[in-house]
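To start, the structure under review is shown below, and the notes come after it.
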Amino acid sequence: MKTKKGFTLIELMIVGFFIALLLIIFFIQKSNVEAMDRDDKRKTAINAMYYALEEYYYPKYGYYPSEISEDVLPVIDPALFTDPLGTNLGIDGSSYSYEVANCNSNNECQEFTLRTQLEKEDAYIKKGKK
């Protein structure tokens with residue numbers, strides 16, 4: 001009596017279905033992990049700007065600048081002014097924003113808000129202490 005060796009079409013389809021399902025789950029999770037990594041980079045950048053303003057700029061000058069850049073805050077890595085998608089702070093489309101309040105005619109401000117829009121959480125906001 002001869003026996004056939006191999007898999008049936010149904011068995012191959014079931015294995016193919018499970019492989020496809022695992023690949024879909026993998027790519028969805030990969031996308032989520034990448035988005036959370038970009039969110040962490042955004043938070044790190046906002047925190048660096050915040051502490052540079054609070055610990056370096058304000059004690060030195062007694063006010064906050066009307067705009068921030070690598071020239072105004074040389075104590076932090078200039079790459080932090082560019083969001084994870086490649087847009088610089090102050091340019092339309094950037095996920096970072098710097099807003100000031102209570103400014104005088106010399107553009108010396110007493111309040112600021114740093115904000116970034118996150119992908120997996122609500123906006124991340126840091127406000128000046130002074």
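The values are calculated or read from the model by the stated rules, or taken from the named source; none is laboratory data. All figures in this text were calculated on a predicted structure; none of them were measured in a lab. Positions of Cβ are generated from backbone atoms using ideal geometry, with glycine treated the same way; all protein chains shown enter the neighbour counts. We work out accessible area using only protein heavy atoms, side chains counted, and drop any ligands, DNA or RNA first. Shrake-Rupley method; radii C 1.70, N 1.55, O 1.52, S 1.80 Å.
Taking the condition of being under 15 Å from GLU121 (Cβ atoms) and either of a type in the set (Phe, Trp, Tyr) or open to solvent by less than 60 Å² (accessible area, probe 1.4 Å) (or both), how many residues in segment 26-44 meet it?
5
Can you tell me which residue in segment 117-130 is surrounded by the fewest Cβ atoms within 10 Å (Cβ to Cβ), limited to those that are among the basic types (Lys, Arg) and more than 26 Å from ASP37 (Cβ to Cβ)?
By that ranking, first place goes to LYS129.
Which members of segment 67-86 meet the condition of being under 15 Å from the mean Cα position of the chain (by Cα) and exposed (fewer than 12 other Cβ atoms within 10 Å of the Cβ)?
Matches in segment 67-86: ALA79, LEU85, GLY86.
Condition first: at pLDDT 90 or above and either touching a helix residue (DSSP H, G or I) at 6+ places or on another chain (Cβ under 8 Å) or β-branched (Val, Ile, Thr) (or both). Can you find one or more residues in segment 48-59 that meet it?
yes
Any residue in segment 87-116 that is open to solvent by 70 Å² or more (accessible area, probe 1.4 Å) sitting within a Cβ distance under 6 Å of a residue that is assigned to a strand (DSSP E or B) and among the aliphatic types (A, V, I, L, M)? List the pairs, counting only those 6 or more apart or interchain.
These pairs meet every condition: GLU111/ALA101; ARG115/ILE125.
Could you list all residues from segment 72-130 that are assigned to a loop (DSSP other than H, G, I, E, B), farther than 18 Å from GLU55 by Cβ and among the charged types (D, E, K, R)?
Passing the criteria: ASP83, ASP92, GLU119, LYS120, GLU121, ASP122.
Do you know which residues across segment 73-115 are of a type in the set (Val, Ile, Thr) and touching a helix residue (DSSP H, G or I) at 6+ places or on another chain (Cβ under 7 Å)?
Passing the criteria: VAL75, ILE76.
Scanning for something open to solvent by 100 Å² or more (accessible area, probe 1.4 Å), more than 30 Å from PHE112 (Cβ to Cβ) and not in a loop (DSSP other than H, G, I, E, B), does segment 1-11 turn up at least one residue?
Yes, segment 1-11 has at least one match.
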